[in-house]
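Worksheet for the structure shown next.
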Amino acid sequence: MRRPDGSAGDADYGQIGGGYRSYREPEPRFAAAIESALGAARTVINIGAGAGSYEPIDRDVTAVEPSVAMREQRPADRPPAVDAVAEDLPFADDSFDAAMTTFSVHQWSDLEGGLAEMRRVATGPVVILTCDPVLVHDFWLNDYAPAVLDTEARRYPPLARIAGALGGTTEITPLPIPLRCRDGFSEAYYGRPEAFLDPGARLANSAWSFVAPDLAQASVEALRADLADGSWDRRHGQLRSQDQYQGSLVLITATP
């Protein structure tokens, strides 16, 4: 069932997506990995395209995004996104050289249906940026906001399930996260814990929207207190200068 602004997944971007583009800019290192995985593809469909992050500017990209709030944040130099959902793409078989989606599969109402559609419309690689739910709880935020990371781990589909649905040959590549990562998903702030005190940063991570407001605020206040008295830095301070962090982020590339 789609919400008033068109959001079709489990998160309501009409409520939480207004400032998304300010916090979720494309990280160049991840963009380069996606570009490499797309290979020689000239025509690409980007499913769950959001505000346009990671769309290659030197290829013919067709974006698909059901949320009005997200479509309205697309840069002016990008083509308008098609209003459709992953599970029912309005394109013929083999319409594109490749298909991609970033931070989206965990929100689909029918994962296998959406992956089957990606495979149906693309003759070449299917490229997916997602997180491994097995590793989600390893992040230090679990000490403060376990309900948030429980939500993330529950929503992200197992990598084997994704690979099994796509078939063909699948390569799963862990992506190290740089200290100044521009794409503000949870682990991007591994060495910048103060970011979680910003309500906008939390809104741009949809898992927070599934947690009761009083519980979420208690998590924030616990982190605020530990930052103020130095407890966080005594435990994790080395992360502030660590060049990169190996978290749960992965790039899945499936070829027929």
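The values are calculated or read from the model by the stated rules, or taken from the named source; none is laboratory data. Small disclaimer: the values here were computed from a predicted structure and weren't measured. FYI the Cβ positions are ideal-geometry reconstructions off the backbone, even for glycines, and counts take in every protein chain you see.
The selection criterion, being within 19 Å of residue 20 (Cα to Cα), in contact with a Ser or Thr (Cβ under 9 Å, 6 or more places away or on another chain) and assigned to a helix (DSSP H, G or I), holds for residue 200.
Here residue 137 clears all of (1) in contact with a Leu (Cβ under 9 Å, 6 or more places away or on another chain); (2) part of a helix (DSSP H, G or I); (3) surrounded by 22 or more Cβ atoms within 10 Å (Cβ to Cβ) except the condition numbered (3).
Taken over the stretch 145-173, the residue count meeting the criterion of being among the acidic types (Asp, Glu), over 19 Å from residue 213 (Cα atoms) and out of contact with any strand residue (DSSP E or B) (no Cβ under 8 Å at 6 or more places or on another chain) is 0.
Here is a yes/no grid of residues against (1) closer than 18 Å to residue 53 by Cβ; (2) among the aromatic types (Phe, Trp, Tyr):
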| residue | (1), (2) |
| --- | --- |
| 107 | yes, no |
| 114 | no, no |
| 125 | no, no |
| 131 | yes, no |
| 135 | no, no |
| 140 | no, yes |
| 148 | no, no |
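Scanning the stretch 154-197 for residues that are surrounded by 14 or more Cβ atoms within 10 Å (Cβ to Cβ), hydrophobic (A, V, I, L, M, F, W, C) and farther than 24 Å from residue 19 by Cα yields 159, 162, 163, 165, 166, 172, 175. With respect to the conditions (1) at pLDDT 95 or above; (2) part of a helix (DSSP H, G or I); (3) surrounded by 18 or more Cβ atoms within 10 Å (Cβ to Cβ), residue 209 lacks only one, and its number is (1). Yes or no: residue 37 at pLDDT below 95 and of a type in the set (A, V, I, L, M)? Considered against the rule, which asks whether it is at pLDDT below 95 and of a type in the set (A, V, I, L, M), residue 37 comes out as no.
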